[in-house]
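Each reported figure results from applying straightforward, stated rules to the coordinates on display, with no laboratory input. Because the structure is a prediction, the values reported are computed rather than measured. Note that each Cβ is placed from the backbone with ideal geometry, even for glycine, and that neighbours are counted across all protein chains shown.
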Amino acid sequence: MTDEKMTGNTTEKHKQRMQKLKEKVDSRIDSATDERGLLIVITGNGKGKSTSGFGTVARAVGHGLNAAVAQFIKGTWACGERNLLENAGVKFSVMGTGFTWNTQDKEKDIAAAKQVWLKCKELLSDPSLDLVLLDEMTYMLSYKYLDLDDVIETLNNRPKHQHVIITGRACHRAIIELADTVSEVQSIKHAFDNGIKAQKGIDW
Ligand code: ATP
Ligand code: MG
């Protein structure tokens with residue numbers, strides 16, 4: 001077979017493959033007709049969970065949607081996304097205190113968690129909100145600071161069109177079951193392990 005003929009064959013094969021792929025993708029697009037608020041979980045030990053959540057908030061706000069953010073744990077720390085998104089009209093609710101390894105006060109942590117959760121319940125019943133990010137919420141369930149049934153009921157009863165993103169490591173399996181989309185970020189390596197401290201604009 002001449003080189004020319006071989007190239008012709010592979011081009012034709014490629015075209016056929018792409019045509020088949022297009023048919024498959026098109027049929028999946030056609031059958032995905034449901035439209036409703038999604039529950040998205042970004043969990044795992046790797047870096048990229050909160051940034052993914054905030055990236056989606058930026059994406060939504062860029063389309064003129066209304067979003068709000070609740071941040072568990074990171075009460076008093078600086079947060080680049082907050083500086084930006086608050087200016088774009090995104091309301092933030094944060095835990096007023098720091099957290100256990102700073103405060104060493106479990107009762108205070110629980111009270112702070114419950115206070116943010118009350119705010120979350122307002123957000124999760126507000127039909128004017130298209131997207132709510134619950135950053136680092138998984139820990140509140142693994143420490144049992146919040147009642148799992150209450151969290152599930154609140155998520156289930158939220159406005160039908162409202163999207164919710166939950167981030168944090170070791171997400172409770174009941175939340176994973178409830179979610180529509182779940183991604184696990186795996187850590188292959190992290191700069192911190194090589195003694196590099198958290199970098200402004202990258203880690204916070
Ligand atoms: P980011 O906010 O950068 O998306 P994250 O939300 O996935 O990170 P968290 O578990 O919330 O990660 O951790 C918060 C901080 O810890 C961030 O500064 C992040 O860079 C850092 N971090 C994330 N993953 C790791 C890891 N595997 N080892 C060490 N530090 C990490
Ligand atoms: Mg995070």
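What are the lysines whose alpha-carbon lies under 18 Å from the alpha-carbon of residue 189, with same-chain residues fewer than 8 places away excluded?
Filter leaves 47, 49, 197.
From the phi angles alone, apply the Karplus equation (6.51, -1.76, 1.60; θ = phi - 60°) to region 189-204 and give each ³J(HN,Hα) in whole Hz, x where the residue is Gly or Pro.
7, 9, 3, 4, 5, 9, x, 8, 6, 4, 9, 4, x, 10, 9, 7
Assigning unit charges at the beta carbon (Lys, Arg +1; Asp, Glu -1) and nothing else, what dipole magnitude in debye, to the nearest 20, does region 100-194 show about its Cα centre?
100 debye
With viscosity set to 1.002 mPa s and temperature to 20 °C, compute the Stokes-Einstein D of region 73-204, Rh being the Kirkwood radius across alpha carbon pairs; µm²/s, no decimals.
131 µm²/s
Among 185, 116, 41, which comes first, second and so on when ranked by fewest other beta-carbon atoms within 10 Å?
With the fewest neighbours first, 185, 116, 41 line up as 185, 116, 41.
Could you sort the peptides 9-15, 46-52 by per-residue average Cβ neighbour count (10 Å cutoff), highest mean leading?
My ranking of the peptides, most packed first, is 46-52, 9-15.
If you average the alpha carbon positions of region 55-77 and of region 162-204, how far apart do those two centres end up, in angstrom?
15 Å
Amide H of residue 166: which non-local residues (sequence gap of 5 or more, or other chain) have their own amide H closer than 5 Å, using H built in the peptide plane?
Correct list: 40, 41, 42, 134.
Can you list the aspartates and glutamates whose alpha carbon is less than 14 Å from that of residue 160, not counting same-chain residues fewer than 8 positions off?
34, 35, 126, 130, 180
Which angle from 0 to 90°, rounded to the nearest 10, does the C-alpha axis of helix 106-123 make with the longest principal axis of the chain?
With both axes taken from Cα atoms, the answer is about 60 degrees.
When we measure straight from the Cα of residue 24, which lysines land under 20 angstrom away, once same-chain ones fewer than 8 places off are left out?
Output for residue 24: 13, 15.
Just to verify a number: FRET efficiency for residue 148 and residue 52, C-beta to C-beta distance, R0 = 22 Å, to 0.05?
0.40
How large is the helix-only mean residue ellipticity at 222 nm for the chain, computed as the sum of -39500 (n - 2.57) over DSSP H runs with n ≥ 4, divided by its residue count, in deg cm²/dmol to the nearest 500?
-14000 deg cm²/dmol
Just want to confirm a number: the relative contact order over the chain, from Cα pairs under 8 angstrom separated by 6+ residues, in percent.
Taking the mean separation of contacting Cα pairs over the length of the chain, I get 32 percent.
Would you mind telling me the antiparallel percentage of the DSSP bridges in the chain, rounded to 5?
Bridges in the chain are about 0 percent antiparallel.
Would you kindly state how much longer the chain becomes between residue 26 and residue 86 on full extension, computed as 0.36 nm times their sequence separation minus their alpha carbon distance, in nm to one decimal?
17.7 nm
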